[in-house]
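Working notes for the structure below.
The values are calculated or read from the model by the stated rules, or taken from the named source; none is laboratory data. All of these numbers come straight from a predicted model, not from anything done at the bench. With ideal geometry, Cβ positions are generated from the backbone for all residues, glycine too; neighbour counts draw on all protein chains shown.
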Amino acid sequence: MQDMAKTFLHRATDYLEAEFRGIADGAVAAAGNLSPVDRLKQPNHVPIHATAKQLAPLLEVVVAMRPGALTPLRGHYCKAVNNLLKQEVTGAAKELVRQVTASAGAAGADAELSLKHADSVK
């Protein structure tokens, strides 16, 4: 019986790790394909929340059986969401810079629009 429990925990943990690593993949792909104007709109994270909600019962079982499993699983989830947020913010910042540059060029202004190193988005 203990072997079955260990096997279950191992497989469930591997499954959750893979799901958490890829939880934001669809949103990352969608963010990359947005039109420039849509990059400035609020992103839709409903699919991420729905996936997390579906995985919650399995996560609760795994944590109940092995409490130490929560920290690495949380790390995988946070890294995926952090990467998504970085991409969304970077895309929005680039679009804002493009729009400001275009409007300044259209107005004929010689305004300094370059970002300083401390202001840049990585």
Please specify each residue of the stretch 69-95 satisfying the condition of being polar (S, T, N, Q) and over 20 Å from residue 30 (Cα atoms). 71
How many residues, within the stretch 1-38, are polar (S, T, N, Q), loosely packed, with under 11 Cβ neighbours inside 10 Å and assigned to a helix (DSSP H, G or I)? 2
Residue that is nearest to residue 9 (Cα to Cα) [pool: residues in the stretch 54-92 that are in a helix (DSSP H, G or I) and of a type in the set (Lys, Arg)]: 74
State all residues of the stretch 39-62 that are surrounded by 13 or more Cβ atoms within 10 Å (Cβ to Cβ), of a type outside the set (Val, Ile, Thr) and under 15 Å from residue 73 (Cβ atoms); if no residue qualifies, say none. 52, 55, 58, 59
Name the pairs whose Cβ atoms lie under 8 Å apart, with the first residue in the stretch 50-71 and of a type outside the set (A, V, I, L, M, F, W, C), the second at pLDDT below 95 and part of a loop (DSSP other than H, G, I, E, B), and 6 or more positions between them or separate chains? 51/23
